[in-house]
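Just below is one structure, and these are the notes that go with it.
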Amino acid sequence: MITGLAYRAAVSACSLCVTGLLVLTPAAAAAGHRSGEPAPPAPRAAEPGPALLYRSGTQVRPRGDAPAVPEVSALSWLVADAGSGEVLAAGDAHRRLPPASTLKTLFALTVLPTLPSGMRHTVRYEELEDVAEGSSLVGVEEGHTYEVADLWRGVFLSSGNDAVHVLASLNGGWDATAARMQVKARALGALDTHVVSPDGYDTPGQVSSAYDLAVFGRAGLADPAFARYCATPEARFPGDGSPYEIENTNRLLTGEDGVAPYPGLVGIKNGYTSNAGNTLVAAARRGGRTLVVTVMNPQSGGGFAVYEEARALLDWGFAAAGQVDPVGSLDGLRAAPPTASSAKPVAAATGPAADDDSGWSGPAVVAGLGLGAGAVAMTLRAKGGRASRG
């Protein structure tokens, strides 16, 4: 029987519990537990809030004997389960960096649904006149008629900025496409991305993040056309007289240039500019599970380090299945930043830059691969009379 002061104290304590101002310690809870009654459940670990992915450094929540996260030199990286959207581990996931041609993932998400793949279009001079110098090209020519599907293969395999320009023209123009890409990014919860040039070419103020690129990659895998294009290792592209072979520049997919192909890889997109360095969004399936990883601008290991760091992160992600708690989510509704000041400063481009997704980055890569100073810093393949970089 509770009387007088004791009753008022109990009511007061209950009121504080409801308002969240009183938290019972395990000892206090145990003291209130009567013999013979079931013990109260142990407190659950707190769910990670969005702020965790905005912290600097590696973020991971291992359990027991979970494997250690591999050391990578990328400025920003992330490993996530493409099915659930759970982020398994990340490093500076929201750091804003130039994305290079990985931004073409957002371009495809925005424009693919608007243009029938079988539609034919004859290319006009105006559609190619603004393709930036040094751009990666698939070989689109003025006056030639292409199917939209041909142009998409040029985007995904050869990272052709010429194909992007033509598709953007069909989508309402360059600036309109950039604006629509920005809207699409926000709709997906990708808040770090600022689109200026839809092809990913280095442009002042254009940035994205490992988090946003993983969001785009995951969304792309849910689109059958996107998934098909990004997983295509080689194709034939229309040319004067006869088609010529083009090959995907994602070496984890093709196994070119000494990079071993990754088992179960399903795409997605690589990129390179002199300002962005090497960037990659990749996805692989194993045992009914699909992982997506982003690697942005490795700082050591040469031009192909982006593939090896992605390989290490994929291996870790598959090995860590069920042994780590998520540190966040790719679901934009659950991933809004805690405050506007949480985002890191924008890294603006500093001027014209070569844009070549071959994976070569000039003298730095030549040195990293142990090649002589006279080594060619870009692979230029001529196929069927056409030159296509990568």
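Summary of packing: across the peptides 226-238, 122-134, the per-residue average of other C-beta atoms within 10 Å ranks them, highest first, as 226-238, 122-134. Centre-to-centre separation between the Cα atoms of the stretch 205-240 and those of the stretch 287-311: 16 Å.
With all pairs of different C-alpha atoms in the average, the Kirkwood value for the hydrodynamic radius of the stretch 83-196 is 15.2 Å.
The alpha carbon convex hull volume per residue for the stretch 209-343 rounds to 164 Å³.
Considering only the other residues whose Cβ falls under 13 Å of the Cβ of G83, what net charge follows from Lys and Arg at +1 and Asp and Glu at -1?
On the way: positive: R218, R285, R286, R289; negative: D81, E86, D331.
Within the 13 Å Cβ shell, the charges total +1.
Largest first, the three principal axis extents of the alpha carbons in the stretch 149-259 are 42, 31, 28 Å in whole numbers. Ranking G139, V87, H121 by how far each Cα lies toward the positive end of the dipole of the stretch 85-150 (charges on Cβ) leaves V87 at the top. Amide hydrogen proximity for I268: with H placed 1.01 Å from N in the peptide plane, the residues at 5 or more positions away or on another chain lying under 5 Å are V281, A282, A283.
Roughly speaking, what is the stretch gain from R289 to L170, that is 0.36 nm per residue apart minus the C-alpha to C-alpha distance, in nm to one decimal? Full-extension gain reported as 39.2 nm. Applying 1/(1 + (r/R0)^6) with r as the Cβ-Cβ distance of T114 and D240 and R0 = 25 angstrom yields a FRET efficiency of 0.30.
Within the shell of other residues whose beta carbon sits under 14 angstrom from the beta carbon of S300, the net charge comes to -3, with Lys and Arg scored +1 and Asp and Glu -1.
None of the figures in this text is laboratory data; all of them are computed from the coordinates on show. All values reported here derive from a predicted model rather than from experimental measurement. All Cβ positions, even for glycine, are placed from backbone atoms using ideal geometry, and neighbour counts span all protein chains on display.
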